1. Give me a single rounded figure for B:493-503: the average over its residues of other chain Cβ atoms within 10 Å of their Cβ.
2. Among B:Phe412, B:Ser399, B:Trp486, pick out the residue whose Cα is farthest towards the positive end of the charge dipole of the range B:363-516, where Lys and Arg carry +1 and Asp and Glu carry -1 on C-beta, about the Cα centre.
3. Residues with beta-carbon under 13 Å from that of A:Gly353, excluding A:Gly353: net charge, scoring Lys, Arg +1 and Asp, Glu -1?
4. Using mean Cβ contacts within 10 Å as the protection proxy, how do A:123-130, B:262-269 order, highest first?
5. Helix B:268-286 sits at what angle to the longest principal axis of chain B, using alpha carbons and giving 0 to 90 degrees rounded to 10?
6. Ranked highest first by average number of other Cβ atoms within 10 Å, how do B:503-510, A:110-117 line up?
7. So what J values fall out for the range B:488-493 if you push phi through Karplus, 6.51 cos²θ - 1.76 cosθ + 1.60 with θ = phi - 60°, rounded to Hz, Gly and Pro as x?
8. If amide H atoms are built 1.01 Å from N in the plane of the peptide, which residues on other chains or at least 5 residues away come under 5 Å of the amide H of A:Ser49?
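The values are calculated or read from the model by the stated rules, or taken from the named source; none is laboratory data. Everything numeric in this text was worked out from a predicted model, so none of it was measured. So basically every Cβ, Gly included, is an ideal-geometry build from the backbone, and we count neighbours across all protein chains shown. All accessible areas refer to the heavy atoms of the entire protein, side chains included, with ligands and DNA or RNA removed. Shrake-Rupley method; radii C 1.70, N 1.55, O 1.52, S 1.80 Å.
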Number of protein chains: 2
Amino acid sequence: MDVQEDETLADGYKLKLNSYDLGVDIELADAVQRIRFEHPEVRVVIITSLKPRIFCAGANIYMLGSSSHAFKVNFCKFTNETRCAIEDDSNHSGRRYIAALNGTASGGGYELAIACDEIYLVDDGNSAVSLPEVPLLGVLPGTGGLTRLVDKRKVRRDRADVFSTLAEGLKGKRAKEWGLIDGHFPTSKFQESVDARVKQLVEATPSQDRGIKLTPVEFETTADSRNYKYVKLKLNRDQRYADLTVHAPTGPQPTTAEQIQELGAAYWPLQAYRELDDALLHLRVNEPEIGLVCLRTEGDAETILEIDRTLVANHDHWLVREIILHMARVLRRLDLTAKSFFAIVEPGSCFAGNLLELLLASDRSYMLKDSDEGDASLAVSELNQGAFPMSNGLSRMQSRFLAEPEKLDEVFGDKKTFDTEEAEDVGLITFAPDDLDWEDEIRVAIEERTSLSPDALTGMEASLRFAGPETMDTKIYGRLTAWQNWIFQRPNAVGPEGALTNYGKPTQAHFDYKRT
Amino acid sequence: MDVQEDETLADGYKLKLNSYDLGVDIELADAVQRIRFEHPEVRVVIITSLKPRIFCAGANIYMLGSSSHAFKVNFCKFTNETRCAIEDDSNHSGRRYIAALNGTASGGGYELAIACDEIYLVDDGNSAVSLPEVPLLGVLPGTGGLTRLVDKRKVRRDRADVFSTLAEGLKGKRAKEWGLIDGHFPTSKFQESVDARVKQLVEATPSQDRGIKLTPVEFETTADSRNYKYVKLKLNRDQRYADLTVHAPTGPQPTTAEQIQELGAAYWPLQAYRELDDALLHLRVNEPEIGLVCLRTEGDAETILEIDRTLVANHDHWLVREIILHMARVLRRLDLTAKSFFAIVEPGSCFAGNLLELLLASDRSYMLKDSDEGDASLAVSELNQGAFPMSNGLSRMQSRFLAEPEKLDEVFGDKKTFDTEEAEDVGLITFAPDDLDWEDEIRVAIEERTSLSPDALTGMEASLRFAGPETMDTKIYGRLTAWQNWIFQRPNAVGPEGALTNYGKPTQAHFDYKRT
């Protein structure tokens, strides 16, 4: 285990990390998720190191030096999503995160620290915080470090410049003066000082909630499928696309917070979205050649709308709040996935309420018109009005109607359900082919999409999906990630003489100094 | 000539473009600049094509296919700056730009059109607007197209997705319906319809201003220098850095708008900033190995402050307005230049008022303390309070003090001049070495900076320079440009089997379909 959890603290939850690498990040993401659902009584999470004096030694450097470009990019995106999940917890669930740096925090380790609310560094004459990627590796801090430095901690840009080019970083006093940390304590007083701060925070926001158990996400696989209870993934590898279908539940659903707590992880909005999350990550990491995902839904739309009403009615309950926040994070994971998404709407589908977000998150949508098998329909619920913000802070419906905000009144008026013609008129869908053209049109659209340059599509989708305002999150995913991707490709980083290739070897990096 | 200017119109100014390439862009930038200074009476600029039926045939594809990575990136940045200069004119000087598309406008041609206020397309059964970069070339529209599509014209994202993957583009009716153009007219009525619209606009905002003559920017060169009247560039190529010094004028300066108009292009704020602009472009394109520019100033700070007072007092006059807007554009060009900037402040320098912006735009600053030759100082003027916005809309002073906005009151209080200690205390500078350390510290800082990976520095600076809000401009330069840079490096674009390499050849592109 790279992350040790210590629940013995009466007043906080301690996550002790091994030196930092991808293993840590996967376990960290999991630990944060479990704290939120299993330990709602915890008010403060302390992130510290198993090995005193080395909070993070940058073990991931070797991983970055030897892994493929695609893996590096995926890794950086995932770690950023974990950082954002920590901040989401802090912003929306009121839990405080404290980085207790009992040793040097460099690179990814310091980037993890600045995702926390407060950072305390030990004053032992040696320990420092640093972002040594530029001077040592010729790449950028890949986990949002630069953006969080100037946008979250608002470190003055000239100081950020100095700090980000200084391999050895800065120690206690100057680090505090420049806003890189919130405090520093001598070794002998470090533990008690951090504990005292934790006590203060815990007393400010006590909680008596009791958690649920997050059971493992289960699935069955064949050569070309991965099937969960509510999410079915069919991989059409020869055509480079996948069908991802989310099924509505059947049977009666809970309506009170008590019933939801009783059902726990088996409650549809939690289970289906955890399955969806797993399917998206699987597609990203293990199916790189799948360029397009056709999003489909099946089941009773009214059941989905009823669930949304229950979530809205109980949104003050801690578990319901966590479930809605989790759904929002999974939908943002979808927005940020470097694959094309087409929503396919046919009779029998249930793009309603929370599942309508799948359609709104898609790059385009196709809805069958005048079918013999009955009409297809879409439906909105209150949850589409802001419960699932995109990374830019807008709802997907606001994003869609940037040019015509008055359409929001129309969409969220008395009319809640839209047949194909109505959906087309109001602008909820892209295309509405009829029975005669349907199969051909979908087939051609899939063929065309999967024939295009996958790199150009990734850049195009990242540019078109996030119109409107930018936030720290969109800066990290759009701006910083794109720069990092570029740098990860450059000979100065990954060529035979590149800094990343030569780090830790007796050979030295040599740069082509041309600036672009 | 790739751009023909037609001043014979009583009611507008017509720019006729040859098919679109870099030559066009340089001439276009020049033409827009000259219209602003030489023809303030012109209220409407019509951009149209010399060759009917081909507004833009995408001549730059061959240029992109055969040019170096650095050239491609520089080219895209420059064309974007020209687009932004058009929008700056439209937003701040009230001139209207009309794209009169008398033929198909594809790629860069359509991107130029969406930089205009209004777009009219001929309805001849063939002509269309299109962004064929993704489907034909495997790269992105590089001149802000994608961002302007969803952010400026607010085209619905699914429609933008369809449009940007459709090589043949869209014609009149559907293009209008999707918000890609503002109107379409049949061939026989195209000219008269555009003329009628121009007449409407001209009558709405008549002007009687008379222009000045923009004389050519002159300079002398040696092997390692390029010297203008007020700007001196010294190239230390072996050490990969340049010294760029801006000199204050000597002698009496004009104080009224009439005197300024009389002096015209020789007025210091116009001449010095035109020279600075030229020097920056020269450094970008012709000196790629210069990674660091040390910004210096020389002369009487009081003269600079006096000039700023004159500019403020006369800011309602059209020419003074244009001069201030021009200074702002040049300073943004500096912000967006992919080289490191250090400001070096010594006794005899004049980082005051508008020239203080050079220091604020720098990645860091060094100011000499306790010198035998007298004290160095900085000074603020009213122009530092918002007259020169960065691309993100903030002043450089606001950007600097994001964490402590109350510092703005301190900086802009009664005290206008700051010696080294005061400048350090208030946070205007990064480092203040004394006489003993000065030369060593500057030398080491230069050596360290120029030893780092130039790619990592470009990405780092682009991430640190623009904290705070994002705008369409910062999205174009930060997000879209970075994606484009990445894609320009990918084998799917520029490898032997890449789409850009193979465009127009009998061979066909083959992609590695892995998505990252």
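1. 1
2. Toward the positive end, the furthest listed residue is B:Trp486.
3. -3
4. Result, highest mean Cβ count within 10 Å first: A:123-130, B:262-269.
5. Helix B:268-286 sits at roughly 70 degrees to that axis.
6. Peptide ranking by packing, descending: A:110-117, B:503-510.
7. With the stated coefficients, the range B:488-493 comes to 4, 8, 6, x, 4, 9 Hz.
8. Long-range HN contacts for A:Ser49: A:Leu17, A:Asn102.
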